[in-house]
Amino acid sequence: MRAGLVAVAAVAAVSLLAACQAGTEQDAAGMAVGTTSSTATTTTPTPTTTTKAPEPAQPYPFGQPQATAPAIVGGKAPVVRRIDTTKPYVFITIDDGAVPEPHALDLIKQSGARPTLFLNNRYVKGHEAYFKALQDQDDLVIGNHTVNHPDLVKMPYAAQKKEICDDSDDFAKAFGKRPTLFRPPFGDFNADTQRAAADCGLKALVMWTAAVNDGVVQFQAGAKLKPGDIVLMHFRKTFVQDYTAFVNQAKKDGLIPVPLPDFLA
């Protein structure tokens, strides 16, 4: 992404990545043997019961609108860079869809967060079932990121509109819901982009204030996440490391990941 980010190593987050990547541990089923002067007694080990960890509590009923998106003015969709809130909330967004991480379902479920997925249909095509499962698991919202991930500012209005509207049309068919939020590829946009987004039925262009790359949280300003921050990551080979780094950083900074669409209703 071209947004200038100041890389800050998420020391505590990265050091804990191995914990989330490890597989399920198995108990060794050893046998205790006791002996007397005349007989040997075999003690059968007591079966262990694995208790699933409870999901993190929600600070409010997720899916319940908390704030509305800024109004469309002059036919142009507004640009949202962060959410105006004093509550300890942070928002995670995941882009593109190039590498469908098989552990994403479990990882997201365990975290209690509800990421917003800004996807390109070029990557979704052929993997609709995977992304449909993500959407249906916890009512994750799928947003628009154009069909082919072009640099929109180099394209005329009509071409921009086709890229954006076609992505929404394809997702409405594949997932049964039409996107309402849009993220321009590379974070690049102009007035034509805003008009095209509005004309395709999208409420807002969503940018970001922090990103995660190679298991490291990077900040545009400061050295920690703040209430209202929107965090960017991608469906890449480093998905597990990146998502874990975000979760750990949010916890370290005393923030709770909540659904972005609840604040852009």
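The values are calculated or read from the model by the stated rules, or taken from the named source; none is laboratory data. Note that the structure is predicted; figures quoted are calculated from it, not measured. Because the Cβ atoms are built from the backbone with ideal geometry, glycine has one as well, and the counts that use them run over all protein chains shown.
Taking the condition more than 26 Å from HIS149 (Cα to Cα) and under 18 Å from the mean Cα position of the chain (by Cα), does LEU232 pass? No, not satisfied. A single member of LYS224, LYS252 is over 16 Å from PRO115 (Cα atoms) and either free of Cβ contacts under 8 Å to residues at least 40 places away in the same chain or crowded, with 23+ Cβ neighbours inside 10 Å (or both), and it is LYS224. For segment 137-163, filtered to residues that are at pLDDT below 95 and among the charged types (D, E, K, R), the residue that is surrounded by the most Cβ atoms within 10 Å (Cβ to Cβ) is ASP138. Taken over segment 102-134, residues that are out of contact with any Asp or Glu (no Cβ under 6 Å at 6 or more places or on another chain), in a loop (DSSP other than H, G, I, E, B) and crowded, with 20+ Cβ neighbours inside 10 Å amount to 2.
Residue under question is GLN241, and the condition is that it be within 21 Å of GLY97 (Cβ to Cβ) and either within 15 Å of the chain's Cα centre (by Cα) or modelled with pLDDT under 95 (or both); does it hold? It is true that GLN241 is within 21 Å of GLY97 (Cβ to Cβ) and either within 15 Å of the chain's Cα centre (by Cα) or modelled with pLDDT under 95 (or both). When ALA196, ALA211 are screened for being over 13 Å from the mean Cα position of the chain (by Cα) and crowded, with 20+ Cβ neighbours inside 10 Å, only ALA196 passes.
In segment 75-93, the condition of being in a strand (DSSP E or B) and of a type in the set (Asp, Glu) is met by no residue. For segment 163-177, the count of residues that are outside any helix (DSSP H, G or I), under 28 Å from GLY112 (Cα atoms) and touching a residue at least 24 places away in the same chain (Cβ under 8 Å) is at least one.
Of the residues PHE182, PHE171, the single one that is touching a Pro at 6+ places or on another chain (Cβ under 7 Å) and under 18 Å from ALA77 (Cβ atoms) is PHE171. Note on segment 135-162: among residues that are among the β-branched types (Val, Ile, Thr) and not in a helix (DSSP H, G or I), the one that is farthest from ASN190 (Cα to Cα) is VAL141.
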